[in-house]
Structures are given as C-alpha cells and as structure tokens.
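Working notes, beginning with the structure itself.
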C-alpha cells in the first residue's frame with residue numbers, strides 16, 4: 001500500500017527529475033528532413049520514423065510521388081508515427097513572367113499539405129541570374145510572399161520563408177529586408193542557422209532578432225571551407241552532421257529557450273558528407289548529438 005510519505009517522496013523525486021531538463025527540451029519538437037535521401041521519400045519516412053523522430057520535412061518529390069493520392073502518404077506517415085511538419089515547396093521566382101505560375105503551384109502544394117495533415121509550407125526565393133538587386137526587388141519579394149501567405153493561410157497552412165545561400169536572403173541584410181517587406185501575419189521565417197552563419201550572420205543573435213517571426217527552425221551544421229576531395233580544391237563550405245561543424249548549436253537552443261520558442265526544430269543535412277555512411281547513419285549521429293549535447297528529447 002502506498003503511504004502518504006511514499007507518495008510525497010515519489011512526487012518530489014519526479015519534480016526534481018523534471019527540473020534538471022533544460023526548459024527548451026520540453027518545448028521544441030524535433031523532426032528530421034528527408035533531403036539527405038535524395039528523393040527516396042518512402043525510405044526516408046521509414047528511417048526517420050524508426051529513429052523516433054516525431055516529424056519529417058518532405059520535398060516536392062513527395063508531391064510528385066503521391067500526386068492525386070495524398071491519403072496514401074498520410075497513411076504511410078501515420079504508420080511510422082510521423083507528422084509532415086514541413087513541405088519544401090520549391091522556389092518563388094522574382095520574375096513577373098513566372099509570378100502567377102509560382103503562386104498557383106505553391107497554393108496547390110499547400111492544399112496537398114492540408115490533405116496529408118501537414119503543418120507548414122516552405123519556400124525559398126529565386127532572384128534572376130546576373131541581376132544586381134535593389135531595394136525595390138526586396139519589396140517585391142516581400143509582396144509576393146505576403147500574397148502567397150494569404151493563400152496558404154486561407155487553407156490553414158502557415159507559410160515559412162527559408163533563408164538560404166545563393167538567394168536574396170544569403171546575407172543577413174537580405175533576410176532582414178525580406179522580413180521587413182513581408183506581412184508578419186502571413187509570412188513567418190524558417191530560420192536555418194547554418195545558412196545564416198555561412199551567409200555572414202550570427203545564428204544565436206538571429207534567434208532573438210526574429211523572435212516574433214520564427215515559425216520553424218532548421219538545426220544544421222556547416223564547416224567552411226569544406227574538405228578537399230581527390231585532390232580537388234576545397235569546397236567553400238559543406239554541411240555536416242550536428243556537432244561536426246562550427247555552428248553554436250548549444251547557443252541556438254539556449255536562445256530558443258530564452259524566447260520561449262514552442263515549435264518545430266528540423267534537423268537537416270543536404271547530403272551524406274562521408275560516402276561510407278548512409279542517410280540513416282547521419283541521422284543517428286545528429287540524433288545522438290541533439291539528445292546528449294542539446295538535451296532535446298524526441
């Protein structure tokens with residue numbers, strides 16, 4: 001029989017155990033991105049689910065694979081206990097000739113997200129090649145994002161804009177200009193901490209700077225320069241598993257805790273950096289780091 005003393009001791013131990021966990025661990029929901037699998041989305045879903053992640057970020061390849069049958073994808077995700085936290089919908093081109101086409105495509109993809117039970121639609125901007133960008137270009141992109149955000153919001157799917165290398169948002173000033181030019185009601189920021197750092201910014205400070213706009217976080221790591229392969233010149237940079245690069249990920253998670261962030265953190269790795277490993281191997285490395293060093297539970 002459980003005595004009152006036993007009950008009080010058990011309760012006290014539970015409370016004490018809870019307090020040793022960083023508060024961020026209880027608020028951040030961790031997912032993993034399928035990009036590492038190079039379009040093999042079914043395998044990505046199986047692997048990510050088997051590793052215990054709660055959600056997955058899929059790409060437009062999943063829209064092509066399950067075109068006209070979102071219920072099939074929804075059932076597959078449910079089978080592996082996953083939520084489609086984000087769909088990478090592709091690029092939004094800063095070119096009037098493609099404006100209507102791109103807005104319509106991304107709006108259709110938002111409908112797909114809704115049908116699958118997904119949560120966010122992600123886009124990246126695409127500037128015209130060889131064009132010197134001016135203030136009006138950033139304002140135009142802000143207006144395009146706002147228009148798209150209104151369309152996805154009408155479906156109940158928030159739009160998140162991904163800061164990215166080789167885009168208008170590569171430098172921190174570009175991210176700021178686009179955020180300033182877009183309506184915060186309809187456009188949130190998918191803050192990719194590795195892209196932000198590689199573009200010349202401070203990822204930790206960015207969390208605080210955009211505390212009211214962050215909709216999703218990409219937990220990602222990068223080394224710069226990247227390794228030399230077969231004697232070729234080193235790459236400018238390479239994305240790597242968490243903890244194997246130079247991003248201050250512990251500082252990022254602490255900053256998320258400070259702003260009381262309650263949302264998705266998607267671990268992302270574009271490609272396997274070491275050909276001796278598989279995408280699942282890489283996910284296991286990042287999962288271990290996230291749990292052991294960042295104290296993020298799955």
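The values are calculated or read from the model by the stated rules, or taken from the named source; none is laboratory data. Owing to the predicted nature of the structure, the values given are computational and were not obtained by experimental measurement. Every residue, glycine among them, receives a Cβ derived from its backbone with ideal geometry; neighbour counts consider all protein chains shown.
Of the numbered conditions (1) under 17 Å from the mean Cα position of the chain (by Cα); (2) at pLDDT 95 or above, residue 42 fails exactly one; give the number of that condition.
(1)
Within segment 181-199, work out how many residues are closer than 23 Å to residue 258 by Cα and surrounded by fewer than 22 Cβ atoms within 10 Å (Cβ to Cβ).
Restricting attention to segment 181-199, the residues satisfying the condition of being closer than 23 Å to residue 258 by Cα are 184-185, 187-197.
Among the residues that remain, those that are also surrounded by fewer than 22 Cβ atoms within 10 Å (Cβ to Cβ) are: 184-185.
Residues meeting the conditions: 2.
Which count do you get for residues in segment 233-255 that are closer than 22 Å to residue 166 by Cα and over 17 Å from the mean Cα position of the chain (by Cα)?
Counting residues in segment 233-255 that are closer than 22 Å to residue 166 by Cα and over 17 Å from the mean Cα position of the chain (by Cα) gives 8.
Output the number of the condition that residue 31 fails; it satisfies all remaining conditions of (1) touching a strand residue (DSSP E or B) at 6+ places or on another chain (Cβ under 9 Å); (2) assigned to a helix (DSSP H, G or I); (3) buried (at least 22 other Cβ atoms within 10 Å of the Cβ).
Result: residue 31 fails condition (2) only.
Residue 208 - would you say it is assigned to a helix (DSSP H, G or I), within 23 Å of residue 106 (Cβ to Cβ) and either at pLDDT 95 or above or under 14 Å from the mean Cα position of the chain (by Cα) (or both)?
Criteria not met by residue 208.
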